[in-house]
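The values are calculated or read from the model by the stated rules, or taken from the named source; none is laboratory data. Please read these numbers as outputs of a predicted model, since none were measured by experiment. Note that we place each Cβ from the backbone using ideal geometry, even for glycine, and neighbour counts take in every protein chain shown. Accessible surface is based on the protein model in full, side chains and every heavy atom, while ligands, DNA and RNA are left aside. Shrake-Rupley method; radii C 1.70, N 1.55, O 1.52, S 1.80 Å.
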Amino acid sequence: MKNTKPPLWELREISKAFPGVQALDKVSVSIFAGEILALVGENGSGKSTLAKCLAGVHQPESGELIHQGEPVEFAHPFEARERGVATIYQEFSLVPTLSVAENIFLGRYVVKSKLTGIDWEMMRQQTSEILNTLSIQFDPDEVVRDLSVAEQQLIEITKAMSVDSTLLIMDEPTAALGLAETRQLHELILRLADQGQAILYISHRLDEIFQIADRITVLKDGRCIDTQPASSLEMMEVVRMMIGFDIGQHYPKEINVTSETCLEVDHISTETGVNDVSFDIKVGEVFGLGGMVGAGRTEIANALFGLDRLTEGSIKLYGEPIQLSNPADAIHAGIGLVPENRKEDGLFFNFNGSLNITLSRLSSILKWGFLNLTQEHQTGKYYFEKLNITSSGLERSAQFLSGGNQQKVVIARWLFSQAKLLIFDEPTQGVDIGAKIEVYRVINDLTSQGYSVILISSDYLELLAMSDRIAIVRDGKILQISPAKELTEYELLSIASGAEGNGNG
Amino acid sequence: MNNLVKFFRSAIAGPLAALIIAVILISLTTDRFLTTQNLINVSLQVSTVAIAAIGSTLVILTADIDLSPGSAAALTTCVLAILVKNMQIPLPLGILLVLVMGIGLGFINGFISSYGRIPSFVATLATMSMYRGLAFLITEGHPIFSISPNLEQIFYGKLLGIPLPFIYMLVLYAAAAIFLRRTRSGRAIYAVGGNESAAHLSGIHVKRTRLLAFILAGLAAAIAGTLMSARLNSGSPNYGVGLELAAIAAAVIGGASLAGGSGNVVSTLFGALTVAVVQNGLNLNAVPAAWQNLTLGAIIVLAVGVDMWRGDIGKNLSRIFSFRKGDENPGRQRTAS
Ligand SMILES: Nc1ncnc2c1ncn2[C@@H]1O[C@H](COP(=O)(O)OP(=O)(O)OP(=O)(O)O)[C@@H](O)[C@H]1O
Ligand SMILES: [Mg+2]
């Protein structure tokens, strides 16, 4: 690297504590202009906290931030922005009721003159330009609330890019993106780095990191383990530094398919775009749904969970026809859904860990008609141990858990609900590698006990490795169903993207 | 023991501290405060507001708001008067009927706001106007006095020397606390207020839950109304003006978040007691009514402010005195357990 030059940013012995955790413990890192520095670590290792210290959101308790040799202190994110730091946060920071353009220019509206006020035309035009460089098609006037998670993520990225910056921090920018968008984003990042922009890139997808990063910094329990050039590291070494031991098999797939049928979906359609979809799932099977973002996978899941009404077709579970008019019906029938967007649709921040888990089946912790709080606590503890969730979350709000631990809490809720068919919508999004493997183990456990699983994932390697069969979805239709073993990543991608033959994704 | 400490640290500390400070300050300004007779008066005064505040708390927990309890209570007093005095229905049956009516009024609120999808602020602003209008309509605007000789007993009676309204209040608060903490519906109320979308996806009937909160609030308002008419043995369309605000104030001083999902009835009780004690103290010191209103406003800002700033204050204190960090209580954040 350009280590002869002084670093653009130097972080010296940064420490930051939250109630009950030392999120950062004397972390020192340098970031050079024109490099892509990847920050990796388990859930809760302090990656986002470090990013937020640099973005002025958190104030470190000790340590120094040095910008081109000059120590700085940020009391507010604005001050970081003035120093050329642009940030894409892991949590969305969009205002749902405003338009795309308004969001992108939020807080720094372009003013034409005092008289005529805000220059909307100009902002709209600039938005279109930025969207174009990213090859994203959006109407700048569209209201953010109406966009999907992936689209919102793209807007979030656009927003950060629209600021003139020298350092771009990206906290899991691809967590909600499909493969095609991810590739576009990576090309763009590489281009920016070529132009001299420094990029701090946080991700749990190690394959991505090895594709784009110049150097890799590994955090563990708030401490900086090491920073090394990516070319001198092996993926397995990074994993070992992250979790402290070897993981062995990355995808510990077990095959538990039986001949008994669990779910039969017969020519269903919905108003949300599911179009004449049929498939069946065996007991113990992992049935993968592959496709691009927006292909209709989530909509199929929603139809099976009683969220969207069927306009045609029927669903049978264990041979019994079931009518689903709301999620309560689906849960009652034995179907569970781990939603894609865990913060908005999954977690209760006003509840601690146990209460988050038991909610799906409160009937089972009743004693003489009243909730048995001791049993509830024990249930929480059992699942926290089983899924290896940070135990402090048992007593405290789920808000304070890291992303991966939050995801595990939602999964635990459905394990507790004793659903027979579990739909996992992007279950490992934003989850660290150790936790991912635990999710895979959970899937194995479930299938071996006679549960069936529908797996929706944009991580193609994961989908191919963990599914027994894969249905490829496009435009709300199932194009083909084939055994996962007979599919390659290339085939999956080209069919899903509709680009059979040229396969550029 | 440990649990007890945690309990007090978390949710109740603020309102309880406010109450204790109010009691101390008032006892310093007048020696007529801490007399048995005065404390009995306070408990009689507080009972109607405190009971209506149970309803407000339930509704606020689901992230809704109910502006109608004052009007619903007024309508209750009028209907009770008409039933018992004009139509000669036996008093117990009359009370039963008005309580059922309260449930109905709450049902209307809940139905309009959750099934009709009209924001509860608007829906209950409308019913606030309608219920009082109805009270004027059926009484032709005149109060009805001397409803029944037995009615006053309900308010002025005592059990083992304790005024009955105080007992009703404690029983209802105990029931509400158990309902919220130990029943599925109570838990559903917290879930809906905490994250409506996640509650829906967890199989909770969101609309039904919000409706239930409104129904219970309607019942609470009718009980408060019954106590009002017992107190004066009369019914009037002018009773209960401002009751909804006092009840909401009690809940908010008790730390219930208008965003839903956090708060509890025990804190609301302290909130209601604080308001009553302060009003009583001001009365004893012969402070004019206008100043009393100003003081109530200031208490609301202070109580809610302290709750919001608690985290910051802790942080700043620990910075100033360089205490060990990481012990401060995160303000605002509360669990339902
Ligand atoms: N605002 C906060 N209040 C209290 N604790 C917090 C807060 N933010 C983070 N933490 C805690 O600090 C630790 C580090 O969290 P951080 O979000 O930085 O982890 P992360 O490495 O980004 O994890 P993930 O990969 O799951 O996003 C965690 O234990 C987390 O629970
Ligand atoms: Mg993070």
Say each of A:Glu312 and A:Tyr251 gets a label point 7 Å from the Cα, pointing the same way as Cα to Cβ; how far apart are those two points in nm?
3.4
For the protein assembly as shown, which whole-number percentage of the solvent-accessible area (1.4 Å probe, protein heavy atoms only) is attributable to carbon and sulfur atoms?
56
Pairwise label distance in nanometres, B:Ile21 with A:Ile481, each label 7 Å out on the Cα-Cβ vector
6.6
Hydropathy first: keep DSSP H helices in chain B averaging at least 0.5 on Kyte-Doolittle, then drop any whose Cα extent along the axis falls short of 30 Å, and list what survives.
B:36-61, B:206-232, B:289-320
What list of ³J(HN,Hα) couplings, whole Hz, do you get for region A:347-354 from phi and the Karplus terms 6.51, -1.76, 1.60, once you set θ to phi - 60° and write x for glycine and proline?
9, 10, 6, 8, 10, 7, x, 4
Grab the other residues whose beta carbon is less than 12 angstrom from that of B:Val59, score K and R as +1, D and E as -1, and report the net.
-2
Mind listing the Cα extents of chain A along all three principal axes, in Å, largest one first?
69, 50, 49
Spin-label pair B:Ala175/B:Val100, simplified geometry with 7 Å Cα→Cβ offset, distance in nm
1.7
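Assign one of three labels to region A:9-243, namely rounded, prolate or oblate, based on the Cα gyration tensor with a ≥ b ≥ c the square roots of its eigenvalues; rounded applies when a/c is under 1.5, prolate when it is not and a/b is larger than b/c, and oblate otherwise.
The shape class here is prolate.
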Considering Cα pairs under 8 angstrom that are at least six residues apart, work out the relative contact order of region A:9-243 and quote it in whole percent.
29
Looking at region B:157-195, residues buried by 50 Å² or more relative to their chain on its own, accessible surface at probe 1.4 Å, turn out to be B:Arg182, B:Arg184, B:Arg187, B:Asn195
So between B:Gln292 and B:Leu34, what do we pick up on full extension, going 0.36 nm a residue minus the alpha carbon distance?
90.9 nm
Beyond a 27 Å Cα-Cα separation, which of these cross-linked pairs lie in this structure: A:Lys26/A:Lys381; A:Lys343/A:Lys420; A:Lys47/A:Lys408?
A:Lys26/A:Lys381
Largest first, how would A:Trp368, B:Trp291 line up by accessible area (1.4 Å probe)?
A:Trp368, B:Trp291
What 222 nm value per residue comes from the helices of chain A, counting each DSSP H run with n ≥ 4 as -39,500 (n - 2.57) and dividing by all residues, nearest 500 deg cm²/dmol?
-9500 deg cm²/dmol
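With a 1.4 Å probe and all protein chains kept in place, how do A:Glu320, B:Glu140 rank by accessible area, largest first?
Values: A:Glu320 120, B:Glu140 150 Å².
Output order, biggest surface exposure first: B:Glu140, A:Glu320.
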Where the centre of each part is set by its Cα atoms, how far does region B:190-215 sit from region A:14-63, in angstrom?
38
Pull out a ≥ b ≥ c, the square roots of the eigenvalues of the alpha-carbon gyration tensor of region A:344-417, then state rounded if a/c is under 1.5, prolate if not and a/b is larger than b/c, and oblate in the remaining case.
prolate
Diffing region A:6-12: the Karplus 3J(HN,Hα) column from phi (6.51, -1.76, 1.60, θ = phi - 60°), in whole Hz with x for Gly and Pro, holds x, x, 5, 10, 10, 9, 10
Where does the charge balance sit around A:Val283 when Lys and Arg score +1, Asp and Glu -1, over other residues with C-beta under 13 Å from its C-beta?
-3
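If packing is taken as the average number of other Cβ atoms within 10 Å across a peptide's residues, how do A:82-90, A:153-161 rank, most packed first?
Result, highest mean Cβ count within 10 Å first: A:153-161, A:82-90.
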What is the antiparallel percent of DSSP beta bridges lying wholly in chain A, to the nearest 5?
55
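Nearest 500 deg cm²/dmol is fine: what mean residue ellipticity at 222 nm does chain B get from its DSSP H runs of n ≥ 4 alone, each adding -39,500 (n - 2.57), divided by its residue count?
Details: 14 runs with 234 residues, N = 337.
Estimated from H runs of four or more residues: -23000 deg cm²/dmol.
Normalised by the residues of region A:41-83, what does the relative contact order come to in percent, with Cα pairs under 8 Å and at least six apart?
Relative contact order comes out at 34 percent.
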Whole-Hz couplings from phi, Karplus 6.51/-1.76/1.60, listed for region A:28-39; x for Gly and Pro
10, 8, 10, 10, 9, 4, x, 10, 9, 9, 8, 10
Under-5 Å amide H pairs with A:Ile88, H placed in peptide plane, nonlocal only
A:Ile169, A:Met170, A:Asp171
How big a patch of accessible area, both sides summed and in Å² to the nearest 100, lies buried between B and A at a 1.4 Å probe?
2700
Take every Cα pair under 8 Å in chain A that's 6+ residues apart, average their separations, divide by the length, and report that relative contact order as a whole percent.
16
Cross-chain or 8 or more residues apart, Cα under 30 Å: how many lysine pairs in chain B fit that? Count them up, please.
4
Name the long-range amide H neighbours of A:Glu260: under 5 Å, sequence gap of 5 or more, or other chain; modelled H, no Pro or chain starts.
A:Val283
A:Leu401 neighbourhood, Cβ < 12 Å, K/R = +1, D/E = -1, net charge +3
Amide H contacts under 5 Å for A:Ser162, restricted to residues at least 5 apart in sequence or on another chain and with H modeled in the peptide plane, are none
Tell me the volume per residue, in Å³, of the convex hull enclosing the alpha carbons of the protein assembly as shown.
204
